Amino acid sequence: MANMRVAAVALSLAAGMVLPAAAAVQVSGAWARATAPGQDEGAVYLSVTSTTADRLTAVSSPDAGMAMLHETTQMGGMSSMQDMDGVALPPGKTVTFAPHGMHIMLMDLKHPLTAGSVIGVDLTFQKAGTVHAQVKVEKITATGPQG
Ligand SMILES: [Cu+2]
């Protein structure tokens, strides 16, 4: 079976076909917490796996005025967030965005995030181009994606 698969890839390359971006980068388990009344910022957590070395360089969301790559760091018992200008994706390794670590910060939300709804983010990669991901909004108390 493995040999057949290699042959198929070789054939499509020989024919000059471009492999779709979705084949190289996979985004999974995207979720966000519901917002409290009056809160106009949110954070999106997800996992990204790329079959080839790549770099996440930009994020945006149709549901927010602005989206940024952030990392939460602990300094002397205080937690603060820092901008990241990109995130390296080693080949075949899953990079996880999770609470107390990296997240996609959504600013100027266009609507409250309500549990059970779905919003979107677009992730732009150096090689794979832009990948759209659907983000499940979980309860405000959630610590991870619920089935
Ligand atoms: Cu942040």
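When Rg and Dmax are taken over the Cα atoms of the stretch 22-138, they come to 13.9, 42 Å.
Once the piece of chain linking Lys110 and Asp122 is laid out straight, how much longer is it, given 0.36 nm per residue of separation minus the C-alpha distance between them? Provide the component values of the computation, followed by the final result.
Details: separation 12, 0.36 × 12 = 4.32 nm, distance 1.58 nm.
Length difference between fully extended and current span is 2.7 nm.
Each reported figure results from applying straightforward, stated rules to the coordinates on display, with no laboratory input. Bear in mind the structure is a predicted one, so any value in this text is a computation, not a measurement.
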